[in-house]
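Structure, as structure tokens:
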Amino acid sequence: MNRVKLMRYGSGSLLLFFTFILQSTILRSIEIRGIVPNLMIIVIISFGLLRGKIDGAIAGAVLGLLQDIYFGDVIGFFALIYMYIGFATGHLHMNFYKDSMLIPIGVMAAADVLVNLLVFFFTFLFRGQLHFHLYLGQIIIPELIYTVFVGFLLYQGLYMINSSIEEVEWSKEYEE
Amino acid sequence: MARRKSKINATNMVAIIAIVFFFLIIVTWETRDEVSPVEKSIAYVIIPVQKGVTYFGDWLVERVDFVSNIKELEQLNQELLEQVDELTYENQILDQSKLELQRLRQLYELDDRYADYPKTGARVIAKDPGNWYSVFTIDKGSADGIEVDMVVLAGAGLVGKIIDVGPNYAKVRSIIDDNSSVSGIIVRTNDLCTVKGDLTLFNEGYLAVDYIADDINLVINDEITTSHLGTVYPPGIMIGKVIRIEDDPNTLTQIAYINPYADFKNLQEVLVISQQWLGDE
């Protein structure tokens, strides 16, 4: 049982670690007009949907904290948002057919827009940057489209990884 | 099963952690110059990996570019060789003028306004994950003598300033960031201005200069450098060239858009002026 747990949490932590590394480094080379997709949202949503609310919340908190520590102005802002996104998404775990793509895509889109609206609200609007339509057209919508597109591809990969881990878990549980 | 039972507590657990995060936001709201031990210890794991991945990514992109652009590179090489000849000649003349200038300065007891600042090279290893900010990290930190508020250059132009330093990394906020504003001077007319980063111009890579009085006769290609009024940036560092001028009908002022000298799209190596500038107060 222990080795199975190690596999589950080990692979989870590695995935989170490399998501952050990729997002902050070579993802810039696939930017389109200065916009990069948000891998972190994709991964957090996938954790929530495929593994439940606790794993979703942990994934969100860890990725959010890393972003806050390395790039944020304050510590806790993204951690708080991402944790609740993972946690809320986790409530859909068990309640949908996991091989359907509609719910993951919808949730990713909603989460991406929500995060960007919050960023705009708390950091740009507070400084008196009122041109919401410019930010909407140049940042929020392009990032939404790009994230959903990448999320569509990535979710299938994550889904397969998760199924193979779960298969091992179930077979081990059956043995005992 | 044990897991079913613990689910009741999950909401509470998340709420408690949320309160902790909220508290952290308040604590770090004003300042966070001190890099906490937690941040430091994570840095020792994250930074080397980021470095490796970035080096690999840059290398890969360079290979691909090299193969696809080999014709252009040959032509570019030719042009650059010609330019080197021209510049060498100009440089000799400038050297002579410099000697003369030094002599005259001594004569008039003037300070070197645009002295050579000590510089350290550094490599960009990571960039802000999102699309809202233009903050990046470099691979030199307090161990290499980097301190907060040091100035970062790339090529001939101003890139930004250090906002946070860890043992083996430092965070740089670039001047195209929406939060950034730099006191500048229009070289030809000697008028002061403020150069602001603007996210809505970010994709084009331009900077905006607001509120230029209508009577200033600005023309395209005017050079803008940092002014002597800045407290962080030393004077005389080139920022960029004016590429577009617009009238703002509401405030009866002009807005200029400038093209920065530093190439923000492909920042790989930067120079850090390893000396803090203390403004004239």
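The values are calculated or read from the model by the stated rules, or taken from the named source; none is laboratory data. Everything quoted here is computed from the prediction, not taken from an experiment. We place every Cβ from the backbone using ideal geometry, glycine too, and count neighbours over all the protein chains shown. Side chains included, ligands, DNA and RNA excluded: accessible areas come from the protein's heavy atoms. Shrake-Rupley method; radii C 1.70, N 1.55, O 1.52, S 1.80 Å.
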Checklist outcome for this item: From the option list B:A156, B:A143, single residue qualifying as small (G, A, S) and under 15 Å from the mean Cα position of the chain (by Cα) is B:A156
Checklist entry - Is there a residue being of a type outside the set (K, R), more than 30 Å from B:V242 (Cα to Cα) and at pLDDT 80 or above anywhere in segment B:103-120? => result no
Next on the checklist: Being more than 26 Å from A:I32 (Cα to Cα) and open to solvent by less than 50 Å² (accessible area, probe 1.4 Å) is the requirement here; does A:F124 meet it?
Outcome noted: no
Checklist entry - Do you know which residues across segment B:175-202 are crowded, with 18+ Cβ neighbours inside 10 Å and among the hydrophobic types (A, V, I, L, M, F, W, C)? => result B:I175, B:I176, B:V182, B:I185, B:I186, B:C193, B:V195, B:L199, B:L201, B:F202
Checklist entry - Is it the case that A:N162 is part of a helix (DSSP H, G or I), open to solvent by less than 60 Å² (accessible area, probe 1.4 Å) and more than 29 Å from A:D73 (Cα to Cα)? => result yes
Checklist entry - Within segment B:117-131, is there a residue that is in contact (Cβ under 8 Å) with a residue 40 or more places away in the chain, within 13 Å of the chain's Cα centre (by Cα), assigned to a loop (DSSP other than H, G, I, E, B) and more than 14 Å from every other protein chain (Cβ to nearest Cβ)? => result no
Item to check | A:I21 being within 25 Å of B:A18 (Cα to Cα), more than 12 Å from chain B (Cβ to nearest Cβ) and of a type in the set (V, I, T) | outcome: no
Checklist entry - Within segment B:132-153, how many residues turn out to be farther than 20 Å from B:P167 by Cβ and either in a strand (DSSP E or B) or basic (K, R) (or both)? => result 2
Checklist entry - Taking segment B:154-169 on its own, how many of its residues are more than 22 Å from B:E30 (Cβ to Cβ), in a strand (DSSP E or B) and not β-branched (V, I, T)? => result 3
Checklist entry - Going by the conditions given, is B:G141 farther than 15 Å from B:F264 by Cβ, buried (at least 22 other Cβ atoms within 10 Å of the Cβ) and away from chain A (no Cβ under 14 Å)? => result no
Checklist entry - Among (1) crowded, with 20+ Cβ neighbours inside 10 Å; (2) farther than 22 Å from A:I140 by Cα, which single condition is A:K5 missing? => result (1)
Checklist entry - Quick check, is B:A170 among the small types (G, A, S), more than 12 Å from chain A (Cβ to nearest Cβ) and closer than 30 Å to B:V49 by Cβ? => result no
Item to check | Filter result for B:R63 (within 14 Å of chain A (Cβ to nearest Cβ), of a type outside the set (G, A, S) and closer than 30 Å to B:K196 by Cα) | outcome: no
Checklist entry - So which residues in segment B:206-256 are part of a loop (DSSP other than H, G, I, E, B), over 23 Å from the mean Cα position of the chain (by Cα) and among the polar types (S, T, N, Q)? => result B:N217, B:N250, B:T251
Checklist entry - Looking at segment B:207-215, is at least one residue without any contact (Cβ under 8 Å) to a residue 60 or more places away in the chain, open to solvent by less than 60 Å² (accessible area, probe 1.4 Å) and more than 30 Å from A:P142 (Cβ to Cβ)? => result yes
Checklist entry - Could you say which residue among A:G137, A:G157, A:G151 is modelled with pLDDT of 85 or more, small (G, A, S) and surrounded by fewer than 17 Cβ atoms within 10 Å (Cβ to Cβ)? => result A:G157
Checklist outcome for this item: Among B:P260, B:P249, the single one that is open to solvent by 10 Å² or more (accessible area, probe 1.4 Å) and at pLDDT 85 or above is B:P260
Next on the checklist: Name the residue that is nearest to B:N168 (Cα to Cα), counting only residues in segment A:105-116 that are touching a residue at least 24 places away in the same chain (Cβ under 8 Å) and more than 9 Å from chain B (Cβ to nearest Cβ).
Outcome noted: A:D112
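Yes or no, residue by residue, for (1) in a loop (DSSP other than H, G, I, E, B); (2) modelled with pLDDT under 75; (3) closer than 26 Å to B:Y169 by Cα:
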{"site": "B:R3", "(1), (2), (3)": "no, yes, no"}
{"site": "B:M13", "(1), (2), (3)": "no, no, no"}
{"site": "B:I17", "(1), (2), (3)": "no, no, no"}
{"site": "B:F22", "(1), (2), (3)": "no, no, no"}
{"site": "B:I26", "(1), (2), (3)": "no, no, yes"}
{"site": "B:E39", "(1), (2), (3)": "no, yes, yes"}
Checklist entry - Among helices (runs of 4 or more DSSP H) lying entirely in segment A:11-104, which contain 2 or more residues that are under 23 Å from B:D164 (Cβ atoms) and open to solvent by 20 Å² or more (accessible area, probe 1.4 Å)? => result A:53-71, A:77-90
Checklist outcome for this item: Within segment B:42-52, residues surrounded by 15 or more Cβ atoms within 10 Å (Cβ to Cβ) and closer than 20 Å to A:L65 by Cβ come out as B:I42, B:A43, B:I46, B:I47, B:V49, B:Q50
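Per-residue answers, yes or no, for (1) within 14 Å of chain B (Cβ to nearest Cβ); (2) of a type in the set (G, A, S):
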| residue | (1), (2) |
| --- | --- |
| A:V74 | yes, no |
| A:A79 | yes, yes |
| A:L118 | yes, no |
| A:F122 | yes, no |
| A:H131 | yes, no |
| A:N162 | no, no |
| A:E169 | yes, no |
